[in-house]
There are 2 protein chains.
Amino acid sequence: MASRPGRPRAGGPSTSGRGTGEDILAAAAVLFCEVGYSSTSTYAVAERAGVRQASLYHHFAGKHEILRALLLSTVRPSLELAERLAASAEPAPARLWALCAGDVRLLGGGPANLGALYLFPEVDDEKFADFHELHRALRDRYADLVARCGTGSGSEAAETGQLVLSLVEGVILRRREEPGLDVEALAERIADGALALVGLPQDAVATTRAAGAALLCAATSPAAAEGASTQP
Amino acid sequence: MASRPGRPRAGGPSTSGRGTGEDILAAAAVLFCEVGYSSTSTYAVAERAGVRQASLYHHFAGKHEILRALLLSTVRPSLELAERLAASAEPAPARLWALCAGDVRLLGGGPANLGALYLFPEVDDEKFADFHELHRALRDRYADLVARCGTGSGSEAAETGQLVLSLVEGVILRRREEPGLDVEALAERIADGALALVGLPQDAVATTRAAGAALLCAATSPAAAEGASTQP
């Protein structure tokens, strides 16, 4: 979210160094997760972010635009990661491992449990149609990778892809129940679990994990992100 | 929820045949899932249930008691099933299959997606401590069954048990995204997935599934439920 210059904040420039737009998103994320979407006012968001309400409306058309941006931030990086992994020559199981581990890190990271927003009734609104579309696209990426692992194809792979995604998104309930959750360790366990679901033989898991971890490291390095952003 | 007699409803006796308490729970379940907990008034619940607000307060001390009863209804039957399965002489993988399939049916059944309530911020309140305790107890049952499947023990089994529970609870997000979901088919797929997670050899899956399905059928028959309710 790029911050437009020239608008004063309530308390001067962003003290977080993230910019006003990001400060508003961070404040809203915590409030939505702690008290709910309907119970959070734009006034409360602006106050927590340390900006004037007018400044909030300068960055976002309304509260729904903030929720929309937060929802999209939980799927866009995963789709970008899936795209980078699609370009890799590594075997499909290693790429699946990397996608799962990267997704768990994304959903498990950050101060607020943004994945919990998926279950909020307000997200049914058609204002969030693009989020639902991207989430379906991510599901398709999982199904595609699962099919390439050789576990059947078509509806069979789609169903197994869904199971893998359920395993990954299980981090949402986990972090809600266990505040001190070790997300990094969980990411590896879940990615290992995905390999079991696609029927990878036990003796191939260690090699696949090592290849997947290297792949994820390369795909999420600053250089990889820069390369992606300069593509047309 | 036993309905106390002698109190008039707004519209006469329950037309659903379930009793006033159950009518109130059913109405609240739909409203909580459709518009959220905070945004639902006891007035709206009473109106939808076709009872007077006074009658609602005769059955429940307040809105939180209704949410509490709904939350408990998503875990108590699972724990009862786990208890019945613990008494069975069938091998652990078949019992795990039955518990998973039974849990998916429970969470996937009924008109409202009650599992979505788990993610509501309001559920953090200590009023719902007994729900959280029962959910932890269920997690322990999964870990125990996984350990009996021979996949390590202690923290190893606990972690795998968590993965299995994530797979099961994945039905919550699935039914939210796919209104026409075939829960029965999904229950079998998820239970099969659990067997993969505990490392059951592929050639043992079909036999285990058949044994698990028979076990689940016997454990959820009316006779089994009656036997359980007459225990001290």
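Structure data summary
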item	result
Dipole moment magnitude, nearest 20 debye, the protein assembly as shown about Cα centre, only Lys, Arg, Asp, Glu C-beta charged	1000 debye
Fewest-first sequence of B:T40, A:T207, A:T220 by Cβ atoms within 10 Å of each Cβ	A:T207, A:T220, B:T40
Three-way shape label, region B:99-161, alpha-carbon gyration tensor, a/c 1.5	oblate
Cα shape, chain B, gyration tensor, a/c 1.5 rule	prolate
Inter-label distance for B:A87 and A:A204, nm, one decimal - labels placed 7 Å from Cα along Cα-to-Cβ	4.4 nm
Selected from A:L216, A:V45, A:A101, residue furthest toward positive end of dipole (chain A; charges at beta carbon)	A:V45
Average partner coverage of A:159-168, which counts Cβ from other chains inside 10 Å	6
Label point 7 Å beyond Cα of B:H64 along Cβ direction - residues of region B:116-143 with amide nitrogen under 14 Å	B:122-132
Burial ordering of A:C149, A:C217, B:C100, fewest other beta-carbon atoms within 10 Å first	A:C217, A:C149, B:C100
Prolate/oblate/rounded label for the protein assembly as shown (Cα gyration tensor, a/c 1.5)	oblate
Ascending count of other beta-carbon atoms within 10 Å, so fewest first, for A:E34, B:E126, B:E159	B:E126, A:E34, B:E159
Teacher prompt: A:S88 distances to equivalent labels in other copies, 7 Å Cα→Cβ, nm	4.0
Cross-link partners of A:K127 among lysines (Cα-Cα below 30 Å; sequence separation of 8 or more within a chain)	A:K63, B:K63
Simple label model, 7 Å out from Cα along Cβ direction - B:S39 to A:D124, nm	0.9 nm
Helix runs (DSSP H) in chain A reaching 30 Å along axis by Cα, Kyte-Doolittle at least -1.0	A:63-86, A:155-177
Within region B:74-123, GluC sites (Glu not before Pro) in DSSP loop having at most 12 other beta-carbon neighbours inside 10 Å	none
Cβ-placed point charges (K, R +1; D, E -1), dipole of chain B about Cα centre in debye, nearest 20	720 debye
Separation of the A:A185 and B:E156 label points, Cα + 7 Å toward Cβ, nm	1.5 nm
Peptide-level mean, for A:111-122, of C-beta atoms on other protein chains within 10 Å	4
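Here, each number is a calculation from the coordinates, and none is a lab measurement. Since the model is a prediction, treat every value here as computed from it, not as a measurement. Every residue, glycine as well, gets a Cβ built from its backbone with ideal geometry; the counts of neighbours run over all protein chains shown.
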